[in-house]
Amino acid sequence: MTASGGYWGAALIVATTLTFPAAQAQTRTTGLQAELAQARAEIAAQRRQIEQQEARLRALEARMGALAAAPAGPPPPAAQPPSAVAQASAAATPGDPATMVSAVPATPVESVGARPVERDRPPEVAVLGSEGSVVTRKGQLTGELQFDYARADRNRALFRGIEIVESVLVGEFNINESRQDIITGSAALRYGLTDRLELGVRLPFVQRWDTSVLVPVQGSTNNDAAREIDSSTSGNGIGDIEMSARYQILTGRRGLPYVVGNLQVVAPTGSDPFSIRRLATGEATKAATGAGFWGVSPSVTAILPSDPAVLFGTIGYTRNFGRHVDTVITPVRINYVKPGDALSFSAGIGIALNERTSINLGYAHTWAFGTRTRTSLIEPGPMDPDFVESTSRDLQLGRLLFGVTYRATDRASINWSVEVGATDDAADVRSVLRLPLILIMPK
């Protein structure tokens, strides 16, 4: 090799050595710039998605606020078109970091300590009957079948005479046994004029058996041959029609109870007890299926949910209207009768066993004032007054309450309640089975 050839070879080696690292560095710089641009693009895409999520969250909060401020029974929200976030999620490729935020399903966000949205319908209370049911929504028609059985059994000892010393009686001593069994089947309709106002009507059919036995005790009278007097009757037919109106006063928001105002009017459509044919002794030949008087009963029901329990109470007043009658029960003629008004209240607690079943326990009391009656003698004497007006004693009707509510479907439920007499004047037992069914759902 010549000297010039060696020189050029060395120069080529030196040039190669110097240019290779520079090219390698240039390649690495280009790659880093590409990665940086990609990262910036991903950050920008994530920022846009976060802004879209924030906009969606603000829209949801606005809708929740509107629902909380809306009156009871708001219509269900209309279906919303898919958002830009959902569309971006559908178009994203799996594993793309730029779309991982949008792939997370949107869920409502609730602030810590914030009060959840409250329901606007009170829970159903079986022992309160129709007064404890949910107020019918606007345009909704609800039908209801009800079966009712009541039993009253009373045994009383009657003594007319003089008590000389303890356990020594001179006079007449009788035992009076009376029993009453009433089975009532009724059909009712309730319609919602508005989301808070409901009108209803109930038509009952009554089957009734009355048994009264007067047993003079042998040896207590001068006539030891005194015999038992049995005056048993029965009757069936249409009972007194009930018309009702219910208005939801409070919707249970901000910790307040649900308050429902009730108004019930009873029309004397059943058989009149003063128009039934009687024997010469005054005994009725059949049992009446109606009371024979108009009655109006306003009441207020309050229901306070405290999951899983529900506190409830009601207070009401019944106004009965008197009327002139012309009924002869020897030796008097009944001219005018004014049934006593009544003050009633009830209170109790309901406990939810699960989403469909709840039980109710409570106590109800009715204070029925005395009935005013005006009578006159059929054959008055010269010293007898033209008429005699008397008032019977008050009645205290206390009942222990037990009930079960089962929501079978969204349209039907089953309510069963039992009342057990807690005072002497109350019926021994009363059992009610109610089967409400929504016939027409509002649009």
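The values are calculated or read from the model by the stated rules, or taken from the named source; none is laboratory data. Model, not experiment: these values are computed from the prediction. With ideal geometry, Cβ positions are generated from the backbone for all residues, glycine too; neighbour counts draw on all protein chains shown. Keep in mind that these areas ignore ligands, DNA and RNA; they rest on the heavy atoms of the full protein, side chains included. Shrake-Rupley method; radii C 1.70, N 1.55, O 1.52, S 1.80 Å.
Quick notes on this structure:
- Of all residue pairs spaced 6 or more apart or on separate chains, those with beta-carbon atoms under 7 Å, a first member in the range 42-53 that is of a type in the set (S, T, N, Q) and a second member that is in a helix (DSSP H, G or I) are Gln46/Ala98; Gln49/Val85; Gln49/Ala88; Gln52/Ala84; Gln52/Val85; Gln53/Val85.
- Within the set Leu343, Leu377, the sole residue that is hydrophobic (A, V, I, L, M, F, W, C) and under 27 Å from Val265 (Cα atoms) turns out to be Leu343.
- Residue list for the range 186-196, restricted to those being surrounded by 16 or more Cβ atoms within 10 Å (Cβ to Cβ) and either among the charged types (D, E, K, R) or assigned to a strand (DSSP E or B) (or both): Ser186, Ala188, Arg190, Tyr191, Gly192, Asp195, Arg196
- Failed condition for Arg254, given (1) modelled with pLDDT of 95 or more; (2) assigned to a loop (DSSP other than H, G, I, E, B): (1)
- Residues (charged (D, E, K, R) and buried (at least 17 other Cβ atoms within 10 Å of the Cβ)) located in the range 434-443: Arg434
- When the range 411-428 is limited to residues that are open to solvent by 40 Å² or more (accessible area, probe 1.4 Å) and within 21 Å of the chain's Cα centre (by Cα), the one that is nearest to Ala152 (Cα to Cα) turns out to be Val420.
- Taken as a whole, the condition of being of a type in the set (A, V, I, L, M) and at pLDDT 95 or above applies to Leu263.
- Ala267 fulfils the conditions (1) touching a residue at least 40 places away in the same chain (Cβ under 8 Å); (2) open to solvent by less than 60 Å² (accessible area, probe 1.4 Å) except for a single criterion, (1).
- Any chance Thr318 is assigned to a loop (DSSP other than H, G, I, E, B), modelled with pLDDT of 95 or more and surrounded by 13 or more Cβ atoms within 10 Å (Cβ to Cβ): no
- Verdict on Ser431 being in contact (Cβ under 8 Å) with a residue 40 or more places away in the chain and either assigned to a strand (DSSP E or B) or open to solvent by 80 Å² or more (accessible area, probe 1.4 Å) (or both): yes
- Selected residue [over 30 Å from Pro380 (Cα atoms) and of a type in the set (D, E, K, R)] from Arg277, Arg253: Arg253
- Qualifying residue in the range 401-413 (condition: of a type in the set (D, E, K, R) and part of a strand (DSSP E or B)): no
- Residue count for the range 382-400, restricted to those that are within 27 Å of Leu343 (Cβ to Cβ) and not in a strand (DSSP E or B): 3.
- The range 376-407, residues that are hydrophobic (A, V, I, L, M, F, W, C) and either within 30 Å of Asp428 (Cα to Cα) or open to solvent by less than 90 Å² (accessible area, probe 1.4 Å) (or both): Leu377, Ile378, Val388, Leu395, Leu397, Leu400, Leu401, Phe402, Val404
- A Cβ distance below 8 Å, combined with a sequence gap of six or more or placement on separate chains, defines the contacts here; from the range 241-256, residues that are free of Cβ contacts under 8 Å to residues at least 12 places away in the same chain reach residues that are open to solvent by 30 Å² or more (accessible area, probe 1.4 Å) and not in a strand (DSSP E or B) in the pairs Leu250/Leu256; Leu250/Pro257.
Yes/no matrix, rows are residues, columns are (1) at positive phi; (2) at pLDDT 75 or above; (3) out of contact with any helix residue (DSSP H, G or I) (no Cβ under 6 Å at 6 or more places or on another chain):
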| residue | (1), (2), (3) |
| --- | --- |
| Ala23 | no, no, yes |
| Gln26 | no, no, yes |
| Arg40 | no, yes, yes |
| Arg56 | no, yes, yes |
| Arg63 | no, yes, yes |
| Gly73 | yes, no, yes |
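- The listed residue being at pLDDT 95 or above, surrounded by fewer than 16 Cβ atoms within 10 Å (Cβ to Cβ) and not acidic (Asp, Glu), out of Phe159, Phe147: Phe147
- Residue match in the range 277-286 (condition: touching a Gly at 6+ places or on another chain (Cβ under 6 Å) and either farther than 21 Å from Tyr363 by Cα or open to solvent by 40 Å² or more (accessible area, probe 1.4 Å) (or both)): yes
- A count restricted to the range 271-312 and to residues that are closer than 27 Å to Glu242 by Cα, in a loop (DSSP other than H, G, I, E, B) and of a type in the set (Val, Ile, Thr) stands at 3.
- Within the range 328-350, the only residue that satisfies the criterion of being at pLDDT below 90, part of a strand (DSSP E or B) and either among the aromatic types (Phe, Trp, Tyr) or surrounded by fewer than 15 Cβ atoms within 10 Å (Cβ to Cβ) (or both) is Val328.
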